[in-house]
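First the structure, in the form of structure tokens, and then the observations on it.
The values are calculated or read from the model by the stated rules, or taken from the named source; none is laboratory data. Predicted, not measured: the structure shown is a model, and the values here were computed from it. A quick note on method: Cβ atoms are made from the backbone with ideal geometry, for glycine too, and the neighbour counts reach across all protein chains shown.
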Amino acid sequence: MRAILSVSNKGGLIEFARQLQDLKVDIYSTGGTKKSLQESDVKVHSVSELTGFPEILDGRVKTLHPAVHGGILAKRELPQHMEELAKNKIQTIDMVVVNLYPFVQTVAKPGVKLDEALENIDIGGPTMIRAAAKNFPSVIVVVDPQDYDMVIEKLRKGQVDLKERERLAQKAFQHVAMYDTAIAQYLRGDEGFPQDMTIALKRASELRYGENPHQRAALYIEQIAGQPPHGIVTAKQLHGQELSFNNFLDFESGWKATTIDFTTPTVAIIKHNNPCGLASHKDLAEAYRRALSGDPIAAYGGVVASNQPIDMATATEIDKTHYDGIIAPGYKDDALALLKRKKNIRIVSMPGQVSSTPARTLDFRHINGGFLVEDTDFTTEQEFKPKVVSKRQPTDVEMRDLIFAWKAVRHIKSNAISLAKDETLVGMGAGQPSRVISAEIALKKAGNRAKGSVMGSDAMIPFPDTVEVVAKGGITAVIQTGGSIRDEDSIATADKYNMAMLFTGIRHFRH
């Protein structure tokens, strides 16, 4: 039995090679892998012994030779193939153990130049992997060091069975596909929406179930060339039950709600992917209390998100209510000890994370048979230029709360209405086909606190009825997108009730 070993990831390599040697496998190798094996006293042959040809072009051409690929691709059950091998003095190769140059790690280095990136594009490795995977009934292909032990165990018992070979071949083709995707991403740069595109995903964990118990689920991390993983997939769980599918969705919503727009201490309480509470205050514990006041009934069983480390005062307040989880950049030791007294609460940290998502990345939404792809909903402070369109200018206090309401409404499901007062979400309406109904729900949630608050709308207000409803509910100012053919009617209604109205020119639909 002959095997070619040529790996970038040398974890477990020496022990694997020694065990192959014990099984009387002839090992061939090149470059750094060959050197590592020799230094560990593993008997290894040069691939040049197979090809009869030296490595050329600074090692760019080593294994691209009929003596290698003929030995891999020959179908052992076909006499004609075996006769051709014998005629050309080519030996069969029964195992290919290859993983590829660290292209992703290379292009992630600061200041990497194109020439260095190109030198780390493997050519011979993917070719051998694909050839071996294509001929998996006859050739064992191994790209993952985690499969070394299984392969050795099977060989000691006699052979690697066909089903296992097929599984290894699938992993091999996926390994090459991920690699090619990374190269295409790097060369594409910021092209945006290319004609053809693949997404590389690596499974991080299986989840207990999906949104509902009858659905299977897993967490995958997107692999992007030149970028480390970011966002909620990098969260570190410090305590509690295993994170569920719905936990990840709520943590994602909470983290975005508190970090995308806010730098002051801000707390969100998320329920079913919507903020039922949101508040900013210089004192984090007070921000939490105000967020809880948004809807203390709905908060039960939700998720708390904070853009600041949780201190003891805030933890003491959080501890008074039952939550499924908490997410924050960190926790003071005494605060964490207090929160951990509840066995099942999921406590997650996002250390070193300033924002939940980089600017101008792509957002994928699966539909049956394909994907919708868009830029993330991201705007800079320079792009946010609200314009007063009413006769009355907002007061300084109203302007502060209008900006807060606008930041809040982008995180609520459309049609979305936010009511804010003292940088606190006092009422919200979400997910209604009618914007008027969303406004009525928000007013009902706010109750007496609606009076003197301001309103944010995630999109234009197409009819003046929404303005009429909130004006009668005590709202003093409105911020909305603008752009309806009936804008003048809405403005006139605002003027009728002496309300201030701002247009942003930016829409924040969240379906």
Exercise. Hey, does the stretch 338-351 have a residue that's of a type in the set (Gly, Ala, Ser) and either free of Cβ contacts under 8 Å to residues at least 40 places away in the same chain or assigned to a helix (DSSP H, G or I) (or both)?
Worked result: no
Exercise. If you go through the stretch 287-315 one residue at a time, how many are in a helix (DSSP H, G or I), closer than 18 Å to ALA408 by Cα and touching an Asp or Glu at 6+ places or on another chain (Cβ under 9 Å)?
Worked result: 5
Exercise. Are there any pairs, at least 6 apart or on different chains, whose C-beta atoms fall under 8 Å, with the first in the stretch 480-495 and assigned by TED's automatic domain parsing to the domain that holds ILE417 and the second in a helix (DSSP H, G or I) and of a type in the set (D, E, K, R), and if so, which?
Worked result: THR493/GLU468
Exercise. Residue check: is HIS230 surrounded by 16 or more Cβ atoms within 10 Å (Cβ to Cβ), outside the structural domain of ASP401 (by TED's automatic domain parsing), in contact (Cβ under 8 Å) with a residue 60 or more places away in the chain and touching a Lys or Arg at 6+ places or on another chain (Cβ under 6 Å)?
Worked result: no
For this session: Might you check whether a residue that is surrounded by fewer than 19 Cβ atoms within 10 Å (Cβ to Cβ) and among the small types (Gly, Ala, Ser) occurs anywhere in the stretch 383-406?
Result: no
Seminar exercise, completed: Sole miss for GLY226 among (1) in contact with a strand residue (DSSP E or B) (Cβ under 7 Å, 6 or more places away or on another chain); (2) more than 21 Å from VAL426 (Cβ to Cβ) is condition (1)
For this session: Working carefully through the options ALA430, ALA420, ALA471, ALA439, find the one that is touching an Asp or Glu at 6+ places or on another chain (Cβ under 7 Å) and on the phi < 0 side of the Ramachandran plot.
Result: ALA420
For this session: Specify the residue that is surrounded by the most Cβ atoms within 10 Å (Cβ to Cβ); the eligible residues are those in the stretch 156-169 that are assigned to a helix (DSSP H, G or I) and out of contact with any helix residue (DSSP H, G or I) (no Cβ under 8 Å at 6 or more places or on another chain).
Result: ARG165
Seminar exercise, completed: Considering only helices (runs of 4 or more DSSP H) wholly within the stretch 411-509, the ones with at least 3 residues that are small (Gly, Ala, Ser) and closer than 25 Å to ASP261 by Cα are 435-446
Seminar exercise, completed: Only unsatisfied item for ILE123, checking (1) among the aliphatic types (A, V, I, L, M); (2) within 21 Å of SER8 (Cα to Cα); (3) buried (at least 18 other Cβ atoms within 10 Å of the Cβ), is (3)
